[in-house]
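For reference, the structure discussed in these notes is given below.
The values are calculated or read from the model by the stated rules, or taken from the named source; none is laboratory data. Everything numeric here is computed off the predicted structure, so don't read it as measured data. Note that each Cβ is placed from the backbone with ideal geometry, even for glycine, and that neighbours are counted across all protein chains shown. Accessible surface areas use protein heavy atoms only, side chains included; no ligands, DNA or RNA. Shrake-Rupley method; radii C 1.70, N 1.55, O 1.52, S 1.80 Å.
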Amino acid sequence: MSAKLKIGMFFFGLLVLGKTVGQELPRTYKAPEFDEEWRKPTNHPDRIVLSYGEDPSTTASVTWRTTSEIDTAYAEIAIATAAPKFWRNAKTIKAVTTTFDAIEINEAEILANYHSVWFTDLKSDTTYAYRVGDGKRWSEWIQFKTAPKESKDKFSFLYVGDTQNFILELWSRLIRESYKKAPDAKFIVHAGDLVNNAHNEQQWQEWFDAGGWIHSSIGAFPIPGNHEYRNLSPEASERSLSVQWKHQFTLPENGPEGLEETAYYMDYGNMRIIGLNSNVDHEKQAEWVDHILSRTDKDWVIVTFHHPLFSASEGRDNKEWRELMKPIFDQYEVDLVLQGHDHSYARGRVSPKENVLDGVNMRDKTGTVYVVSVSGGKMYGLRKNAWEGYDAERDRAAENTQLFQVITIEDNKLSFESYTAVGALYDAFDLIKRADLPNEFVERDTEAIVEHRFSNTIPYQDPLPEGAEESLLSKYPGFEITGVHFVNDTNFIGYKVRLERGEDREEISLDVNGKFLD
């Protein structure tokens with residue numbers, strides 16, 4: 001920008017601000033900037049992430065990253081004891097090393113090596129310590145505990161919806177609060193959209209930094225969302241799975257052919273949890289789910305995927321996916337479905353063995369319970385008519401609220417608790433499993449805080465000047481204001497407003513007084 005233009009903008013700013021004396025302008029958010037070097041690998045292990053195999057009582061995996069110079073790497077593992085030299089009993093395992101050459105991929109633009117190891121033949125219900133490195137440069141010793149072999153003992157896990165935006169800035173506080181609330185959680189379900197741009201190295205670095213050592217000590221159970229798919233280049237005709245996904249996660253390969261490590265399942269204690277990839281190959285996955293549900297004897301069945309069967313937010317219906325999967329879930333009496341995508345919160349259920357709701361059924365027994373949740377900082381509004389027309393009833397909802405969930409199973413009881421990013425209980429219910437009968441449903445909403453909406457929380461959108469909304473809606477009858485963003489930089493001072501009416505969209509610029517600039 002030339003000196004004359006800068007001076008002109010300066011005086012324009014003074015002129016604009018002079019017209020708004022006594023009017024307090026919205027506070028503008030200063031997003032952090034990240035140096036390119038920050039996301040680059042070194043010769044020391046980073047991005048260490050733990051996951052489990054199909055049988056987490058005997059198998060676990062660890063994956064980490066280094067520069068491409070480190071072409072040979074190892075993991076060491078031992079049963080952890082209070083004696084500091086437990087490492088004398090360690091086993092050294094050579095890692096599988098893959099080169100991640102994304103130099104030519106937009107937003108990735110990096111070269112690194114990823115290393116992975118499967119720990120097998122582990123003892124059940126046992127605390128292990130492991131470290132990873134190249135023989136000279138090692139990580140710290142990190143502990144995890146295998147699952148009981150055959151047990152109905154109590155265990156908990158965490159579930160989070162979309163991380164996606166403001167990852168290091170805002171998701172970090174939520175995932176750390178979740179650890180404080182459930183430090184003994186065995187694994188974390190990530191219900192898709194871990195990042196906003198599938199191949200973006202900075203965003204993946206934010207995700208790993210935000211979780212830090214939590215990722216390396218509590219097993220990750222991730223499934224991809226729509227934001228984990230993106231074109232590799234402007235010329236590419238199809239969207240591709242994040243190029244980082246299979247390098248940086250080592251997951252069970254027990255899913256449908258061609259969907260390995262994006263659709264899979266794990267048996268933990270008396271529960272089978274199934275992860276689906278709702279982005280692709282729906283029919284193939286429906287057949288697979290039918291098959292593996294028909295072959296499990298686990299007491300509890302939980303399914304997770306990204307696109308909700310019953311959407312929480314407006315204009316995001318997934319009719320084909322719902323009509324395909326819901327009959328299967330009904331047939332096999334799936335207990336709980338955990339979803340993301342809608343950037344709001346909704347929890348509800350269907351009647352057992354039937355589609356038409358019955359008031360008596362809904363009071364004391366239930367079919368599948370469906371939950372949609374969001375953990376990151378991007379928020380949408382709720383569907384205005386709740387779950388009307390869905391053959392399901394929504395019991396609890398939230399807008400404008402970062403949430404995490406703690407799910408605890410003990411024998412025939414499942415307890416579900418949803419918490420805000422500051423640790424307040426937002427939602428809770430229990431399921432009691434009864435032999436040859438539908439689950440008993442215990443509503444615990446009286447324990448929770450008041451429901452959150454945009455109207456009773458800190459505004460997500462920037463507030464418009466007085467009278468501006470009326471002027472906009474008068475000029476654009478039938479439209480709804482769906483976005484307001486106040487901008488205060490060297491190029492523009494004012495409001496950027498989005499209006500929508502069905503498929504029609506308008507982007508409007510207003511000055512600081514709410515006057516039209518277009």
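Kindly indicate whether residue 241 is among the aliphatic types (A, V, I, L, M), touching a residue at least 12 places away in the same chain (Cβ under 8 Å) and open to solvent by 10 Å² or more (accessible area, probe 1.4 Å). The answer is yes for residue 241. Among the residues of region 174-213, those that are among the basic types (Lys, Arg) and either under 13 Å from residue 34 (Cβ atoms) or out of contact with any helix residue (DSSP H, G or I) (no Cβ under 9 Å at 6 or more places or on another chain) (or both) comprise 180, 181, 186. In summary, residue 173 fulfils each of the numbered conditions (1) open to solvent by less than 10 Å² (accessible area, probe 1.4 Å); (2) of a type outside the set (Val, Ile, Thr); (3) within 19 Å of residue 211 (Cβ to Cβ) with the single exception of condition (1).
Yes/no per residue for (1) buried (at least 18 other Cβ atoms within 10 Å of the Cβ); (2) modelled with pLDDT of 95 or more; (3) closer than 30 Å to residue 502 by Cβ; (4) touching a strand residue (DSSP E or B) at 6+ places or on another chain (Cβ under 8 Å):
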site	(1), (2), (3), (4)
259	yes, yes, no, no
262	yes, yes, no, yes
274	yes, yes, no, yes
284	no, yes, no, no
300	yes, yes, no, yes
304	yes, yes, no, yes
315	no, no, yes, no
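Out of 460, 419, which single residue is open to solvent by 40 Å² or more (accessible area, probe 1.4 Å), of a type in the set (Phe, Trp, Tyr) and more than 24 Å from residue 322 (Cα to Cα)?
On the way: 419 fails: open to solvent by 40 Å² or more (accessible area, probe 1.4 Å).
One residue alone meets the criteria, 460.
Output yes when any residue across region 469-483 is open to solvent by 70 Å² or more (accessible area, probe 1.4 Å), at pLDDT below 90 and outside any loop (DSSP other than H, G, I, E, B), and no when none is. Yes. Is there a residue being open to solvent by 20 Å² or more (accessible area, probe 1.4 Å), in a strand (DSSP E or B) and either farther than 14 Å from residue 310 by Cβ or at pLDDT 95 or above (or both) anywhere in region 345-364? Within region 345-364, none of the residues are open to solvent by 20 Å² or more (accessible area, probe 1.4 Å), in a strand (DSSP E or B) and either farther than 14 Å from residue 310 by Cβ or at pLDDT 95 or above (or both).
Restricting attention to region 491-498, does a residue exist that is among the basic types (Lys, Arg), farther than 16 Å from residue 380 by Cβ and in a strand (DSSP E or B)? Before you say what the answer is, go through the steps one by one.
At the first step, the residues of region 491-498 found to be among the basic types (Lys, Arg) are 496, 498.
Applying the additional criterion that residues be farther than 16 Å from residue 380 by Cβ yields 496.
Narrowing the set further to residues that are in a strand (DSSP E or B) leaves 496.
Looking through region 491-498, at least one residue is among the basic types (Lys, Arg), farther than 16 Å from residue 380 by Cβ and in a strand (DSSP E or B).
Do we find that residue 247 is surrounded by fewer than 20 Cβ atoms within 10 Å (Cβ to Cβ) and at pLDDT 95 or above in this structure?
Numbers: surrounded by fewer than 20 Cβ atoms within 10 Å (Cβ to Cβ): no; at pLDDT 95 or above: yes.
Judged against the criteria, residue 247 is not a match.
Considering each residue of region 2-25 in turn, at least one proves to be part of a loop (DSSP other than H, G, I, E, B), of a type in the set (Ser, Thr, Tyr) and either at pLDDT below 95 or crowded, with 18+ Cβ neighbours inside 10 Å (or both). Checked against the criteria, residue 397 counts as assigned to a strand (DSSP E or B), under 19 Å from residue 341 (Cβ atoms) and out of contact with any Cys (no Cβ under 6 Å at 6 or more places or on another chain). I'd like the residue in region 27-75 that is under 14 Å from residue 110 (Cα atoms), touching a residue at least 40 places away in the same chain (Cβ under 8 Å) and not charged (D, E, K, R) and, out of all such residues, is surrounded by the fewest Cβ atoms within 10 Å (Cβ to Cβ). Ranking the candidates gives 38 first.
When each of 188, 142, 175 is tested for being in contact (Cβ under 8 Å) with a residue 60 or more places away in the chain and closer than 25 Å to residue 263 by Cα, the lone residue that passes is 175.
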